[in-house]
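Participant: Please find one structure pasted underneath; my questions will follow.
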Amino acid sequence: MTVDLSVAIGALPLSNPLMSASGCFGYGVEYADVVDLASLGAVVVKGLFLNERDGHRPPRIVETPSGMLNAIGLQGIGVHRFIREKMPELRRRKAVVVVNICGTTTAEYAELARILSDVEGVAALELNISCPNIREGGITFGCDLANTRAVVAAVRRATSLPIIPKLTPNVTDVASFARAAEDAGADAVSLVNTFLAMAIDVERRRPVLSNVMGGLSGPAIRPIAVRMVYQCARHVRIPVIGIGGIASARDVLEFLIAGATAVQVGTATFVDPFIWPKLLSGLEAYLVRHGFERIRDLVGSLDTGAPPPSHESTPRCT
């Protein structure tokens, strides 16, 4: 039985629903000798500001039970070096490239979008409005409905590329933010980013991370992320990309059945950089076993015994 793993994120077709998660896969080229980048649905590169950025001082990563804390601080090479040094190799490897962009102002997001719109091989933009471990920009936009609308609308005016705001889980009603992003012109939303968390060295009675707090990722957050994807997918018409603790094909399937059209894999790639073909073969085996010809037919197929909400009757946050 031949199965179809292709999905679409708005106008962006993907050969399969597996995407790398920004920040966990470098700029893609670092993995190019061990992973066929063209075999991924998309490569989501490390977040870019207009200029180079140092990030936080070490220690910036700590392992936790079933997960990892990081406070890298969005260290990066900046958009211009990325275009010069990384994009030629990504094009050569035939990767579908989604660029994660970061800003401290709405104008910076818009300028990044304008610059990247003219770059051959950039397929879409993911808007990082949800990083929990920087003090300026980022999470300031993602935790305020008006700011979320403003930054998405500004980027929408600046580019015709598909735009995908990355939502924070550190809010009380994530579905409201998905709706705000949709209203402002987003083509999809990705969620979740990491959960704000911390670790303490009890012998020294000091924070383990230099930034005190960081973002929690890994299997520990997956059930919460699945719940949030389910909630958002019921309240928006645009595709939802699920993120959070995926380490097996079964994990991918949870997100798809909950309503995600595609997923991003992050922390697991540190443990197993060869995870991608294992995930693909697991998805194919599931479809064959259950008699599905297309993976798209799984999206949002969860049977809760209750009818889905009407989009028209769902109150919108103002």
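Participant: Do we find that Asp144 is among the charged types (D, E, K, R) and under 18 Å from Ala260 (Cα atoms) in this structure?
Facilitator: No: the conditions fail for Asp144.
Participant: Out of the helices (runs of 4 or more DSSP H) lying entirely within segment 38-127, which hold 3 or more residues that are in contact with a helix residue (DSSP H, G or I) (Cβ under 6 Å, 6 or more places away or on another chain)?
Facilitator: The helices (runs of 4 or more DSSP H) meeting that bar are 106-117.
Participant: In addition: Looking at segment 199-227, which of the residues that are free of Cβ contacts under 8 Å to residues at least 60 places away in the same chain and touching a Pro at 6+ places or on another chain (Cβ under 8 Å) is surrounded by the most Cβ atoms within 10 Å (Cβ to Cβ)?
Facilitator: My answer is Ala225.
Participant: Which number in (1) within 19 Å of Pro162 (Cβ to Cβ); (2) touching a Cys at 6+ places or on another chain (Cβ under 7 Å); (3) not aromatic (Phe, Trp, Tyr) marks the one condition that Met87 misses?
Facilitator: Only one criterion is unmet by Met87, namely (2).
Participant: Would you please list the contacts, defined by Cβ atoms under 6 Å and residues six or more apart or on different chains, that run from a residue in segment 34-59 that is surrounded by fewer than 18 Cβ atoms within 10 Å (Cβ to Cβ) to a residue that is assigned to a helix (DSSP H, G or I) and not aliphatic (A, V, I, L, M)?
Facilitator: Here the result reads Asn51/Gly78; Glu52/Gly78, each pair linking segment 34-59 to a residue that is assigned to a helix (DSSP H, G or I) and not aliphatic (A, V, I, L, M).
Participant: Also: Before we move on, is Asn147 in contact with a Ser or Thr (Cβ under 8 Å, 6 or more places away or on another chain) and not in a helix (DSSP H, G or I)?
Facilitator: Considered against the rule, which asks whether it is in contact with a Ser or Thr (Cβ under 8 Å, 6 or more places away or on another chain) and not in a helix (DSSP H, G or I), Asn147 comes out as no.
Participant: Looking at segment 246-273, I want the residues that are of a type in the set (D, E, K, R) and have a partner that is crowded, with 19+ Cβ neighbours inside 10 Å and modelled with pLDDT of 95 or more with Cβ atoms under 7 Å, at least 6 apart or on another chain. Which pairs are those?
Facilitator: Every condition considered, the pairs that remain are Asp251/Arg222; Asp251/Gly245; Glu254/Val226.
Participant: Exactly one condition in (1) modelled with pLDDT under 95; (2) within 24 Å of Gly244 (Cβ to Cβ); (3) more than 14 Å from the chain's Cα centre (by Cα); (4) not in a strand (DSSP E or B) is not met by Glu136; state its number.
Facilitator: Condition not satisfied by Glu136: (2).
Participant: Of the residues Phe274, Phe292, only one is under 27 Å from Val98 (Cα atoms) and modelled with pLDDT of 95 or more; which?
Facilitator: After applying the criteria, what remains is Phe274.
The values are calculated or read from the model by the stated rules, or taken from the named source; none is laboratory data. Here the structure is a predicted model, which means the values were calculated and not measured. Note: ideal-geometry Cβ built from the backbone for every residue, glycine included; neighbour counts use all protein chains shown.
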